[in-house]
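One structure is given here, and the rest of the page talks about it.
The values are calculated or read from the model by the stated rules, or taken from the named source; none is laboratory data. Because the structure is a prediction, the values reported are computed rather than measured. For neighbour counting, all protein chains shown are included, and Cβ atoms are generated from backbone atoms with ideal geometry for every residue, glycine included.
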């Protein structure tokens, strides 16, 4: 690029990105949090004034959820999200040997309800536009969740999804087909200096088109003071 390197700056956290998103006019009337586990701190911080529909099939997390969301209007949905409605099984693991830290749809474990987002969301009184957050275990599950949300995606203004490197392109393409564009990448994780995952934030294309503050720069009105790099 034609600019000299600067010290690391910019939005590197999910919460700072979502603050910018909200400040620049992206409408969010309710949060659909798929894979809440014990809490999603960034969504509590940035959207404390809208209702949160929390999807979590692991009951061991419920006491912490109720505590962490006691000051926020919320509903806990005891279901694992997928592209079908029915039943399945969920397997849990404890990395530290003390508390459940990961859970995924499996052919063994506790029986749980499987549900499509576009089946279950209309049964609650939370109205869009929605922010849809996806953070679940299982390599193929995020894609199934997006496919199972087809009927409500027109009411989603923003998608925040954990993206594993091996499935990044496929998942991004599925989200894009519903009318979204990539807006930010935050919280990248590496293992042994190899990229493994990140959080990607997508915004509906017509919202970006109608909101100049959401667009990247125009070379005709380029301001070098606004250029930031996230590396040293």
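A compact table of results
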item	result
Hey, residue 225 in contact with a strand residue (DSSP E or B) (Cβ under 6 Å, 6 or more places away or on another chain) and not in a loop (DSSP other than H, G, I, E, B) or not	no
Strands (runs of 3 or more DSSP E) contained entirely in the range 37-93, each with at least 1 residues that are exposed (fewer than 14 other Cβ atoms within 10 Å of the Cβ), in contact with a strand residue (DSSP E or B) (Cβ under 9 Å, 6 or more places away or on another chain) and free of Cβ contacts under 8 Å to residues at least 12 places away in the same chain	86-93
Filter result for residue 146 (in a helix (DSSP H, G or I) and either within 24 Å of residue 214 (Cα to Cα) or at pLDDT 95 or above (or both))	yes
Residue check for residue 31: modelled with pLDDT of 95 or more, touching a helix residue (DSSP H, G or I) at 6+ places or on another chain (Cβ under 7 Å) and part of a loop (DSSP other than H, G, I, E, B)	no
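A quick yes/no check of all residues on (1) under 22 Å from residue 168 (Cβ atoms); (2) part of a strand (DSSP E or B); (3) touching a residue at least 60 places away in the same chain (Cβ under 8 Å); (4) touching a strand residue (DSSP E or B) at 6+ places or on another chain (Cβ under 8 Å):
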| site | (1), (2), (3), (4) |
| --- | --- |
| 185 | yes, yes, no, yes |
| 203 | yes, yes, yes, yes |
| 207 | no, no, yes, yes |
| 229 | yes, no, yes, no |
